[in-house]
1. Roughly speaking, to the nearest percent, how much of the stretch 184-237's 1.4 Å accessible area is carbon and sulfur?
2. Please check the chain for the longest run free of GluC sites (Glu not before Pro) that are loop-located per DSSP (anything but H, G, I, E, B) and have at most 14 other Cβ atoms within 10 Å.
3. Give the average over all directions of the projected area of the C-alpha convex hull of the stretch 5-297, one decimal, in nm².
4. Can you bin the stretch 1-102 into rounded, prolate or oblate? Criterion: square roots of the alpha carbon gyration tensor eigenvalues sorted a ≥ b ≥ c, rounded for a/c under 1.5, prolate for a/b above b/c, oblate for the rest.
5. Which shape class, rounded, prolate or oblate, goes with the stretch 45-150 when its Cα gyration tensor gives a ≥ b ≥ c as root eigenvalues, a/c under 1.5 marks rounded, and past that a/b bigger than b/c marks prolate?
6. Would you mind computing Rg(Cα) / (2.2 N^0.38 Å) for the stretch 149-299, counting N as its residues?
7. Amide H to amide H, which residues 5 or more places from Cys258 or on other chains are under 5 Å from it, using H placed in the peptide plane?
8. Based on DSSP, what percent of beta bridges with both residues in the stretch 5-297 are antiparallel, to the nearest 5?
Amino acid sequence: MAADLTILYRGPLSSCNYACEYCPFAKHHETAAELATDRRALERFTDWVLNDAVGKLAIFFTPWGEALTRRWYHDAFRRLSHADHIQRVVAQTNLSGPLDWLRDTRTDRVALWCTYHPSETSRTGFLTRCKQLQDFGIQHSVGMVGRPQDFDEITVMRAELPPETYLWINAYDSGDGTKFPYSPTERNRLTEIDPYFPTNIVDHPSLGRDCRTGRSVISVDGDGTIRRCHFVRTPIGNIYDPDWQSALTSRPCPNNTCGCHIGYVHMPELGQEAIYGDEILARIPQTRVLEDSTAIPNR
Ligand code: SF4
Ligand code: SF4
């Protein structure tokens, strides 16, 4: 059942233990004071979700950098997942941190979007961690960035993952905001692995189009500022104001295009809810559309 409100939380955290060449947060370290600020912001947000938010909620942590190496995110997952009005607690992660804390969560409500970065970790180690998630009963997707130098590794990873684990591929963007110009051969090769890859390589026209963000999906930062999504910077309210719900209303998209999965999945015209269902945040398809248009259960 869809949540009444989905919150994409992105606090001030901006550090990562990995050094992906295309990422501005690569090996960025933060001071103890900066980390303490992130922890306080997250604790305040968690308290608000538990005590003041209304309706059935889904919470999606989409940090700059890596959050699940920080124990205050583990605490937030534990607290949120056990609350009756929370349907899903999800995070994007490089899966490098400890995993045992997940045992203390409501594992049926937790899901992870796990990105495998072959320049930063071994395939064997990553697969071992995926196996641990499976043993814990944690729903998860695995994804890779479609860099040309990683095509072979993507193929091998697909072969070595359990068949029921979806492997998504993101269009490679070397940092200038434009997507890599895949040749038809490259595109076909990657689409054989991820049938939804063609959706990700497109910057979807969105200006003036309907989008659920701002109405049933919002972005919230560490100060509580509400924006409709991560890609439209205009604030529309603050969750710590008593009348925060007045911010929630339908608005057409003000941007020309939307090219990121965590944005365009909320455009009704793209039909992404029919693919991902209740696991839309963790990017786990509930059906997989094959080339012959036959839909088969994915898991
Ligand atoms: S793991 Fe993610 S946040 Fe960290 S450097 Fe790589 S792309 Fe950036
Ligand atoms: S279409 Fe994309 S950019 Fe536009 S409002 Fe929705 S999520 Fe934001």
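The values are calculated or read from the model by the stated rules, or taken from the named source; none is laboratory data. Note that the structure is predicted; figures quoted are calculated from it, not measured. Cβ: placed from backbone, ideal geometry, glycine included. Neighbour counts: every protein chain shown. We work out accessible area using only protein heavy atoms, side chains counted, and drop any ligands, DNA or RNA first. Shrake-Rupley method; radii C 1.70, N 1.55, O 1.52, S 1.80 Å.
1. 50 percent
2. 22-163
3. Dividing the Cα hull surface by four gives the mean projection, 14.8 nm².
4. It comes out prolate by the Cα gyration axes.
5. It comes out prolate by the Cα gyration axes.
6. Here the Cα radius of gyration is 1.18 times the empirical estimate.
7. His204, Ser206
8. 25 percent
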